[in-house]
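Trainee: The structure is given below, and queries will be raised subsequently.
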């Protein structure tokens, strides 16, 4: 596999793959020589500074660049005359646009990997185009299952998945909860302990229990109690609508990326 782009998501994946003792051959290309040298030293992988040579080496070409940079990168590739499996990690750019930017003989798939792949707890959404090579499909599934869970998602649902699955939601909520607890008088250490437990326990309960989320919430927030009063205040403040607006804003941003592979 050849990664084009040695940025944050590539680094997170390499960290998780090293933790998982992944043995598959990996090359990384990036135009930044210092970045390549850092990746080579840290992960003991092979790097390739020449784009043409990187593409020549690839059995599976993984595009690990920002959505707004993808079209320019594809335009700079040398002509590809042999069948090749390609995988885009760029958010918001659907298979139809990828095929328009670089079509036959290239077959496209998409992956949305979480940065939590760095510690083996990632989650990756995968979608494959029709007639994607079976061997490449298995290799990609093996790659991402080595750093966490994988889920197969229709391409039309990938934007909604992308905006909903980000760990930034939990991190933002923890930051807000911790800050609010400090304003009520808790020292930062205790505020962080409380906020971490609030979020972590909800995740563990959801994974370990057969109860639905609404039932778990009812169990945690006794009617007439303190937690129920907090939830009522969140509802009155429009919290569910705020979350929905946030996700819609993310989807709208993703759709802008889909316009010729870059925002206008």
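Trainee: Multiply the residue gap between residue 141 and residue 236 by 0.36 nm, knock off their C-alpha separation, and tell me the result in nm, one decimal place.
Mentor: 29.8 nm
Trainee: Take the Cβ-Cβ distance between residue 199 and residue 66 as r, set R0 to 41 Å, and report the resulting FRET efficiency rounded to the nearest 0.05.
Mentor: Result of the calculation: an efficiency of 0.90.
Trainee: Angle between the Cα long axis of helix 33-43 and the longest principal axis of the chain, 0 to 90 degrees, nearest 10?
Mentor: Helix 33-43 sits roughly 70 degrees off the main axis of the chain.
Trainee: Which angle between 0 and 90 degrees, to the nearest 10, do you get for helix 226-236 versus the longest principal axis of the chain when only C-alpha atoms count?
Mentor: On a 0 to 90 degree scale, this one is about 60.
Trainee: Provide the FRET efficiency to the nearest 0.05 for the residue 246-residue 226 pair, computing r from the beta carbons and using R0 = 41 Å.
Mentor: Efficiency, rounded to the nearest 0.05: 0.95.
Trainee: Something else: Can you tell me how much longer the chain between residue 33 and residue 216 gets when fully stretched, taken as 0.36 nm per residue apart minus their C-alpha distance, in nm with one decimal?
Mentor: Computed gain between residue 33 and residue 216 is 60.8 nm.
Trainee: Using only Cα atoms, find the angle between the long axis of helix 8-19 and the longest principal axis of the chain, and express it within 0 to 90 degrees, rounded to the nearest 10.
Mentor: 90 degrees
Trainee: A further question on this structure: Considering only DSSP beta bridges whose two residues both sit in the chain, what percent are antiparallel, to the nearest 5?
Mentor: 20 percent
Trainee: Right, here's the next one. What ranking do 21, 149 get, fewest neighbouring Cβ atoms within 10 angstrom at the top?
Mentor: So the residues, fewest neighbours to most, are 21, 149.
Trainee: What number, in percent, do you get for the relative contact order of the chain if the mean sequence gap of Cα pairs under 8 Å and at least 6 apart is divided by its residue count?
Mentor: Value for the chain: 19 percent.
Trainee: For a test of the definition: using alpha carbon positions, the gyration tensor, and the 1.5 limit on a/c, classify the stretch 168-254 as rounded, prolate or oblate.
Mentor: rounded
Trainee: Turning to a different aspect of this structure: What nm value, rounded to one decimal, do you get for the distance between residue 164 and residue 176 when each label is placed 7 Å out toward the C-beta?
Mentor: 1.9 nm
Trainee: For the modelled label position 7 Å from the Cα of residue 53 along Cα-to-Cβ, which residues of the stretch 5-29 have backbone nitrogen atoms closer than 15 Å?
Mentor: Those under the cut-off are 27-29.
Trainee: Something else: Which one, (1) 21.3, 69; (2) 62.7, 236; (3) 21.7, 82, gives Rg and Dmax of the Cα atoms in Å as derived from the coordinates shown?
Mentor: Derived directly from the coordinates: (1).
Taken together, the values in this text are just the output of simple stated rules run on the coordinates, not laboratory data. In this text the structure is predicted, and so the values were computed from the model without any measurement. Note that we place each Cβ from the backbone using ideal geometry, even for glycine, and neighbour counts take in every protein chain shown.
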